[in-house]
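One structure is given below, encoded as structure tokens.
Every number here is computed from the coordinates shown, using simple stated rules; none is lab data. On a predicted model such as this, the values are computed, not experimentally measured, just so you know. We place every Cβ from the backbone using ideal geometry, glycine too, and count neighbours over all the protein chains shown.
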Number of protein chains: 2
Amino acid sequence: MRAYIILVGTELLSGMMIDTNSIYIAEELNKIGITIIGKSVVSDDIDEIIDLLKYVYNKSDIVIFSGGLGPTIDDVTRDAISKFLNIKNEIDGFHYDKMIEKFKLRNIKIFEKNKKEVMVPTGSEVFYNEPGIAPGFYINKIAAFPGVPIELKNLFPKFLSFLKEKYSLNKEVYIKDILFWGIAESILENEILDIIKNYENEIIFEFLVKDYGIIFRMQTEKHKIDLVNEIKNKIDNKLSGYIIGEDNERIETNVINKLIKQNKRISLGESCTGGLIASKLVSVSGASKVFTEGIVVYSNEAKHERLNVKKETIKKYGAVSKETVYEMLKGLKTEIGIAVSGIAGPNGGTKEKPVGTVYIGIKKDDIYNIKKHHFNGNREKIRERASLTALFELLKLL
Amino acid sequence: MRAYIILVGTELLSGMMIDTNSIYIAEELNKIGITIIGKSVVSDDIDEIIDLLKYVYNKSDIVIFSGGLGPTIDDVTRDAISKFLNIKNEIDGFHYDKMIEKFKLRNIKIFEKNKKEVMVPTGSEVFYNEPGIAPGFYINKIAAFPGVPIELKNLFPKFLSFLKEKYSLNKEVYIKDILFWGIAESILENEILDIIKNYENEIIFEFLVKDYGIIFRMQTEKHKIDLVNEIKNKIDNKLSGYIIGEDNERIETNVINKLIKQNKRISLGESCTGGLIASKLVSVSGASKVFTEGIVVYSNEAKHERLNVKKETIKKYGAVSKETVYEMLKGLKTEIGIAVSGIAGPNGGTKEKPVGTVYIGIKKDDIYNIKKHHFNGNREKIRERASLTALFELLKLL
């Protein structure tokens, strides 16, 4: 089944409001195997809504509205729907009685315009809005719900039960995400396309580029879970060196969990990343079991005083150098250590060491591994990439 | 001018991703007086995109795309646009050269399909994508940008300058943002509503709740700048204690600038915030002038060894206590110091010190100021709020 989501509200267009309703609706529909083919935000304008309905109605098995069911003149969703379907509105007796009850409890007078709120297109299937006034309704492939999140979330499960029964839906969707780092998107895709080419009728595949890595997503019905595992094994065999997590895991979750398992403590010496790596590790609940300290040695003075980096080393090779990073690593006291020094920009670059040059060092017991990297992007991106790459270099050694 | 925003990406429809791009785009367009008449999310399907373009093209003065410009088979935005406009694509020479440069630096091979990324509809106005590969482009009322937020944000300002010149926009729009912290939204609103009630026909007012504070925005025509300043002065008089920045400033910009002006160095001792404060300070270019070091003393051992917190103090009062934070502050070597220790959760809370309890200490020369705070939210939110509050407490003393 194919669904289209329409959010009604001029306030959603000004860019000031993050829409969480459509995410909720999409997630719930996905779970019962309904595909979202599109979603739109439209202003409180009856002609615009009807226009949009004309555009989406035939390409969808169901159109779901959120917003515009209140009592004010701005609330035109139900009128747009009934006009589009050429049906008159009627008062829903049950909700009308409930409204009288609720207003009485709150000691509020009912105005004529409040009656509008309990109207629905004649013949609608009606869903009870416990926390609010306006009912949800469904008629001729179109469903409408209030935009107030608490009311939507009260109504939507009732609508889902109705849908499941009406269309005998009982597909259970299975999603598997694999998270990659350290490999270019185009190369990753080539490698994976090779593996999945025989499964394309069975499973939906997607690549999502995130700040924290590239996600390869497989989506299918629950009974095809074996196929997903088969692909996952092939990917593991071919690309395990670039896999940094599964599903909701991030690289830092994985690093912390491995350290806990191996009972090894970690500490950090950060310069240009300036606490970002520490912050990522601390974001994992339970990090305190293995993370002892992170030193942001932003000044040369601090590098010397906190990590015993020799003044001559910095003078001779510079703060951004293999030699300095080596001594930073040596200054760390735990079995596992990460040290980073680089030029995040926008200033400070030279011809030999342009902005984006970052030395990343990993210490594991007595093994020291220091590499020179180059990252693109602005200050923020260079720091983010350096942090993730440092964790990635460590993960490879764990 | 009327703009329509189109986000391309099947992943945006599955409900797993919160779209922040369209919010950014809408805000930026609003600032130069462009109205958003609608926004839609469409899957990576060339026919669907063309279909949507047919629906929105005539009702809009400009259509803005985000997403679908990468190198993979899923990336069909540029092809949809050129097919809709009946124009061929061509390689943009500048971006092609830049791609070769960037791939060389990262030691990655260029595949045939990577060329796709640097193609644009022939005759497009092209905008340079510094942190990424695919250029932004504009042709015949249609503009397209990558969906990666950092790339969009690098490109969009360039496009706005182009738009402003092309359509002589922004001759008149003036926006003043004032950023607040440490005051509840409802209280802030009450205080400000009182001030602005006589200006409501002249100026558009808005409150925007962000992670980094509450923005009060005034938008008007440029010749009414005196009115804006008048209100700003009234707000300064009444609420200066809660103002942490103006326009694009963040609290960390403000802190670093004040420290530079006062020629005072800062260092940090962070426990539960785990490098977040350091990371914020380092995000300000030029921070190295005043930021010497940040110590993430996550373990008690590190608190003792790095900052000379006495073992007995931790034993007697706990790591999350006024006494420990006082000794952490004392262990910092610069004129200005921040020390933070708290319980970010989800575990580790007790009846006396529930999750969210955070001690924040500020040292300024010989003055020590330590307060107990309680923050709501999950681990991430508690750490974020504690970091901002620490900077806020410092700012008040500078």
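Our note on the geometry: Cα centres of segment A:231-282 and segment B:123-194, 34 Å apart. Once the dipole of segment A:173-246 is set up with Lys and Arg at +1 and Asp and Glu at -1 on Cβ about the Cα centre, which of A:S186, A:G241, A:V173 lies farthest towards its positive end? Value: A:V173. If a/c stays under 1.5 just call it rounded; otherwise compare a/b with b/c (prolate if a/b is bigger, oblate if not). Do that for segment A:173-246, with a ≥ b ≥ c from the square roots of the Cα gyration tensor eigenvalues. Note, shape of segment A:173-246 comes out prolate.
For segment B:1-73, taking the reciprocal of the average inverse distance between every pair of different Cα atoms yields a Kirkwood hydrodynamic radius of 12.8 Å. Principal axis extents of the Cα atoms in segment A:256-397, from largest to smallest and rounded to whole angstrom, are 44, 31, 22. Considering only Cα atoms, the convex hull volume of segment A:294-336 works out to 62 Å³ per residue.
Only beta bridges with both residues in the protein assembly as shown are counted; by DSSP, about 65 percent of them are antiparallel. Given +1 at the Cβ of Lys and Arg, -1 at the Cβ of Asp and Glu and no other charges, the dipole of segment A:190-326 around its Cα centre is 760 debye to the nearest 20. Here segment A:325-398 was treated as a single set of alpha-carbon atoms; its pair distances binned every 10 Å from 0 give 21, 48, 26, 5 percent.
For segment A:1-100, the dipole from Cβ point charges (+1 on Lys and Arg, -1 on Asp and Glu) about the Cα centre works out to 440 debye, to the nearest 20. 3J(HN,Hα) couplings calculated from phi for segment A:176-189 with the Karplus curve 6.51 cos²θ - 1.76 cosθ + 1.60 (θ = phi - 60°) are, in sequence order, 10, 9, 10, 9, 10, 8, x, 9, 5, 3, 5, 5, 4, 4 Hz; Gly and Pro show x. May I ask for the percentage of alpha-carbon pairs in segment A:346-387 that lie more than 12 Å from each other? Result: 62 percent of Cα pairs exceed 12 Å. Across segment B:373-387, computed HN-Hα scalar couplings (Karplus, 6.51 cos²θ - 1.76 cosθ + 1.60, θ = phi - 60°) run 10, 10, 10, 8, x, 7, 3, 4, 5, 4, 5, 5, 5, 5, 4 Hz from first to last residue, x flagging Gly and Pro. Each 10 Å bin from zero up to the one holding the largest Cα-Cα distance in chain A carries the following percent of pairs: 4, 18, 20, 17, 16, 14, 8, 3, 0.
Across the options B:Y57, B:G93, B:G70, the greatest Cα extent toward the positive end of the charge dipole of segment B:42-153 (unit charges at beta carbon of Lys, Arg, Asp, Glu) belongs to B:G93.
Two numbers describe the Cα atoms of segment B:113-160: Rg and Dmax, which are 10.1, 30 Å. Report, to the nearest 10°, how far helix B:93-105 tilts away from the longest principal axis of the Cα atoms in chain B, using its own Cα long axis and a range of 0 to 90°. The angle comes out near 40 degrees. Based on DSSP H segments of at least four residues, each scored -39500 (n - 2.57), chain B has a per-residue ellipticity at 222 nm of -12500 deg cm²/dmol.
Close amide H pairs (under 5 Å, H built 1.01 Å from N) link A:F291 with A:I266, residues at least 5 positions away or on another chain. Over all pairs of different C-alpha atoms in segment A:187-228, the reciprocal of the mean inverse distance, the Kirkwood hydrodynamic radius, equals 11.2 Å.
Within segment A:90-141, all pairs of alpha-carbon atoms sorted by distance into 10 Å bins from zero give the percentages 26, 55, 17, 3. Between A:I87 and A:R106, the contour length at 0.36 nm per residue exceeds the Cα-Cα span by 3.5 nm. Distances between placed amide hydrogens fall under 5 Å for B:T357 paired with B:I343, B:F375, all partners being 5 or more residues away or on another chain. For segment A:223-317, what D do you get in µm² per second when you plug the Kirkwood radius from alpha-carbon pairs into Stokes-Einstein at 10 °C and 1.306 mPa s? The calculation lands on 98 µm²/s. Computed from phi, the 3J(HN,Hα) profile of segment A:133-139 under the Karplus parametrisation 6.51, -1.76, 1.60 (θ = phi - 60°) reads 10, 6, x, x, 8, 9, 7 Hz, with x in place of Gly and Pro. Once the mean of 1/r is taken over each pair of separate Cα atoms and inverted, segment B:117-201 shows a Kirkwood hydrodynamic radius of 16.2 Å.
Shortest first, B:N248 label-point distances to identical copies amount to 3.5 nm, with the label point at 7 Å from Cα along Cα→Cβ. Simple spin-label estimate for A:L398 and B:D61 gives 5.4 nm between the two label positions (7 Å along the Cα-to-Cβ direction from each Cα). Since only A:G213, A:I81, B:V148 are under comparison, the one whose Cα sits farthest along the positive direction of the charge dipole of the protein assembly as shown, derived from C-beta charges on Lys, Arg, Asp and Glu, is A:G213.
So what's the gap between the Cα centers of segment B:338-376 and segment B:17-62, to the nearest angstrom? Their Cα centres are 44 Å away from one another. How would you classify the protein assembly as shown from its alpha-carbon gyration tensor, with a ≥ b ≥ c the square roots of the eigenvalues: rounded for a/c under 1.5, else prolate if a/b is greater than b/c, otherwise oblate? Cα axes put the protein assembly as shown in the prolate bin. Ascending distances from the B:N190 label point to its copies in the other chains, with the point 7 Å along the Cα-to-beta-carbon line: 6.4 nm.
Between A:E301 and A:K31, the modelled labels are 5.6 nm apart [label points 7 Å from Cα along Cα→Cβ]. Here the label points at B:I367 and B:E189, each 7 Å from Cα along the C-beta direction, are separated by 3.5 nm in the simple model.
Which log10 I(q)/I(0) values, to two decimals, does segment B:35-98 give at q = 0.12, 0.13, 0.16 Å⁻¹ under the Debye formula with one point per Cα? Summing over Cα pairs of segment B:35-98 leads to -0.34, -0.40, -0.59.
Overall, the ratio between the Cα radius of gyration of segment B:2-166 and 2.2 N^0.38 Å, rounded to two decimals, is 0.98.
For chain A, the longest principal axis of the alpha carbon atoms and the long axis of helix A:149-166 meet at an angle near 70°.
Dipole size of segment B:173-246 about its Cα centre, with +1 on Lys/Arg Cβ and -1 on Asp/Glu Cβ: approximately 120 debye, rounded to the nearest 20. Checking every one of the trypsin sites (Lys or Arg not before Pro) in segment A:311-375 against DSSP loop status and a limit of 11 other Cβ atoms within 10 Å picks out A:K351. Please give the residues of segment A:358-373, grouped as numeric ranges, whose backbone N is less than 18 Å from a label point set 7 Å along the Cα-to-Cβ vector of A:K258. A:360-371, by backbone N distance to the label point. Against chain B, whose longest principal axis comes from its Cα atoms, helix B:251-262 is set at around 60 degrees. Across chain A, the mean sequence separation of Cα contacts (distance under 8 Å, 6 or more residues apart), normalised by length, yields a relative contact order of 10 percent.
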